[in-house]
Amino acid sequence: DQQVKQNSPSLSVQEGRISILNCDYTNSMFDYFLWYKKYPAEGPTFLISISSIKDKNEDGRFTVFLNKSAKHLSLHIVPSQPGDSAVYFCAASDHGSGNTGKLIFGQGTTLQVKP
Amino acid sequence: EADIYQTPRYLVIGTGKKITLECSQTMGHDKMYWYQQDPGMELHLIHYSYGVNSTEKGDLSSESTVSRIRTEHFPLTLESARPSHTSQYLCAVGLAGVGELFFGEGSRLTVL
């Protein structure tokens with residue numbers, strides 16, 4: 001029973017265009033959401049996060065949107081660069097359960113940005 | 001941020017061997033985690049610790065064990081490795097008051 005789902009295993013975009021990565025969740029208790037970027041044979045690197053009290057958070061080329069009613073979040077990368085090519089993981093946590101810090105991850109989406 | 005170190009980065013070992021994956025951090029963070037990840041799959045939490053002498057099993061059942069004798073050290077041990085243990089093992093720390101985890105570079109284990 002997967003609580004965080006990334007239904008698109010892969011995405012290919014042209015350099016300079018927008019990349020949109022999507023994530024759905026089922027647990028309404030999740031109140032904090034994160035995106036990580038991962039290169040092969042390396043650990044995930046934190047990109048951006050959003051609290052459930054917000055619907056948008058922006059950091060440079062990266063913007064995360066949260067739609068709580070739809071239990072959906074998305075990561076927008078504008079403009080996309082070849083160096084953005086990696087696997088992107090969506091993650092969620094439930095701070096209400098005592099701030100355990102445990103994250104639940106989606107399966108990841110492999111982004112390829114073509115020059 | 002956090003400085004977190006994992007060794008070995010890569011390990012190829014025969015079935016039945018005992019292995020220990022090391023994870024160390026230098027900043028004195030209390031919360032540490034072990035995740036397991038197979039290619040194309042999500043990261044699964046297998047162990048976590050909230051401080052010295054505190055260890056808990058994660059959401060994914062694992063035959064591995066962990067210990068937390070010192071704050072900075074959170075090793076993972078497999079007493080008898082099997083091919084099904086082939087995976088990438090990722091150690092992470094959680095910073096107080098911050099929601100994100102910071103990961104080490106991972107240990108890629110292959111059991112033949």
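The values are calculated or read from the model by the stated rules, or taken from the named source; none is laboratory data. Not measured: the values here are computed from a predicted model. Virtual Cβ from ideal backbone geometry, glycine too; neighbours counted across all protein chains shown. Note: accessible area is taken over every heavy atom of the protein model, side chains too, but ligands, DNA and RNA are not part of it. Shrake-Rupley method; radii C 1.70, N 1.55, O 1.52, S 1.80 Å.
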Consider a paramagnetic label point 7 Å from the Cα of residue B:60 along Cα→Cβ; state which residues of segment A:17-54 have an amide N under 18 Å from it. A:36-45
Shielding by partners, peptide A:28-40 (average Cβ within 10 angstrom, other chains): 2
Percentage relative contact order, chain B, counting C-alpha pairs under 8 Å, at least six apart: 37
Rounded to two decimals, the Rg over Rh value of segment B:1-86 from Cα coordinates and the Kirkwood Rh reads 0.96
Using θ = phi - 60° and Karplus 6.51 cos²θ - 1.76 cosθ + 1.60, couplings along segment B:5-12 (whole Hz; Gly, Pro as x): 10, 10, 9, x, 6, 9, 8, 10
Would you mind getting the accessible area per residue of chain A, heavy atoms of the protein chains only, 1.4 Å probe, in Å²? 47
Picking from B:90, B:45, B:11, which is most flexible by a Gaussian network model of chain B using Cα springs under 10 Å? B:11
Shielding of B:40-47 by other chains, given as the mean Cβ count within 10 Å, works out to 5
Rg/Rh (Cα only; Kirkwood hydrodynamic radius) as it applies to chain A: 0.96
Accessible area per residue, 1.4 Å probe, Å², for chain B: what's the number? 47
So, how do all the Cα-to-Cα distances of the protein assembly as shown break down into 5 Å bins, in percent, from 0 on up? 1, 7, 15, 18, 19, 16, 12, 7, 3, 1, 0
Karplus 3J(HN,Hα) series, Hz, for segment B:70-75 with 6.51 cos²θ - 1.76 cosθ + 1.60 (x for Gly, Pro): 10, 4, 7, 10, 9, x
Residues hit by the 10 Å² burial cutoff in segment A:42-72, accessible area with a 1.4 Å probe, assembly against chain on its own, are A:42, A:43, A:44, A:46
So the carbon and sulfur contribution to the accessible area of chain B, 1.4 Å probe, in percent, is 52
For chain A, what's the relative contact order in percent, using C-alpha pairs closer than 8 Å and at least 6 residues apart? 36
Through the Karplus equation 6.51 cos²θ - 1.76 cosθ + 1.60, θ set to phi - 60°, convert the phi angles of segment B:77-83 into ³J(HN,Hα) values in whole Hz; use x for Gly and Pro. 10, 10, 5, 9, 5, 10, x
Enter the mean number of other protein chain beta carbons within 10 Å of the beta carbon of each residue in B:13-25, as an integer. 0
Determine the total buried accessible area between chain B and chain A, counting protein heavy atoms only with a 1.4 Å probe; round to the nearest 100 Å². 1800
Alpha carbon centroid spacing (whole Å) that separates segment B:32-76 from segment A:62-83: 29
Checking segment B:15-112 for trypsin sites (Lys or Arg not before Pro) in a loop per DSSP with at most 12 other beta-carbon atoms within 10 Å yields B:18
